[in-house]
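Read-outs throughout are calculated quantities, based only on the coordinates presented, and are distinct from any laboratory measurement. Given the structure is predicted, the values throughout are model-derived calculations rather than measurements. So basically every Cβ, Gly included, is an ideal-geometry build from the backbone, and we count neighbours across all protein chains shown.
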Amino acid sequence: MKKIILLIPLFLIFGALTLEAQTTILEKEAKSAGISLNIPASYTITDNREKVYPAEITDEFPLPDIAQQYGVKPSQGNTFFNALFGMISATFEHNDQECIVLAYITPGRNGNNFGRISNDSVQLEIFNHIYFGRIKHDFRYGKPFSGASALDALELYPMLTRYPSKKAGNMFNAAAMVSYPLNFRGNVFKEKFTRGKGTVIGKDGLEVYLYFLMTDQSVLKFNKYLDEFNGAFVFK
């Protein structure tokens, strides 16, 4: 009887470890952030267990150094994309093979006090729920090796496409959502994708970043690709 009692907890521990090993990094991050994750039917997703660089690392295109990560030093090819996006949590590939989406969930709640300099209620809403540090990095804007200042946020704000809070709420139960173009500077991802759009979904400083990589033709369908993520990330 004692042997049976001892076997039960060992079985439970082994089962829990097996489930943990099968859980992807995106699932772990979503659970930790209190976000419900639902994979869109029109996309397939990678099952990586840890963060990865989106582009292959080779002798010709090594990992970017810190100057390249901040855009101070030029980079090309795969090194450029790894510098721009850093390590990501998952890649979604659309069924039409004309769009891939790199996903990243912030590891904690970011914060700023930019609301104090907002000019209207829409701007206040975005400043209260979205942290501009990664947006500044994506634009390679302002002073390198530093986060976003209030003035950086004010200057970057007009460059963003701002979605109504109702749309952010309906799609993700979020409070704010913005998108902006990504400048690939002539580099081509996977010999195919020439255009990009960054999308940030935020609520109380917690953010999901989705980077849509598209062709010259499929970029015209960006709104469709974004709408297909409806309900993919549901905030508390």
Exercise for the section: As a check on your grasp of the helix formula, calculate [θ] at 222 nm for the chain: sum -39500 (n - 2.57) over DSSP H runs of n ≥ 4, divide by the residue count, round to the nearest 500. Expected result: -9500 deg cm²/dmol
Practice task
Counting only GluC sites (Glu not before Pro) that are in a DSSP loop and have at most 10 other C-beta atoms within 10 Å, tell me the longest site-free stretch of the chain.
Solution key: 61-190
Practice task
Evaluate the distance, in nm, between pseudo-label points positioned 7 Å from the Cα of Lys192 and of Asn95 along their respective Cα→Cβ axes.
Solution key: 1.6
Problem - Cross-link reach list, lysines versus Lys166, counting only Cα pairs under 28 Å and skipping chain neighbours closer than eight places - result: Lys28, Lys31, Lys136, Lys197, Lys203, Lys221, Lys224, Lys236
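Sort 213-221, 116-124 by packing, meaning the average of other beta carbons within 10 Å per residue, with the highest value first.
Answer by packing, highest mean first, reads 213-221, 116-124.
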Handout entry: Hits among aspartates and glutamates - C-alpha to C-alpha of Lys190 under 20 Å, sequence gap 8 or more where chains match
Key = Asp47, Glu56, Asp59, Glu60, Glu93, Asp96, Glu98, Asp138, Asp216
Exercise for the section: Largest first and to the nearest Å, give the Cα extent of the chain along each principal axis. Expected result: 71, 47, 36
Handout entry: Segment Asp47-Lys31, length gained on full extension (0.36 nm per residue, minus Cα span)
Key = 4.2 nm
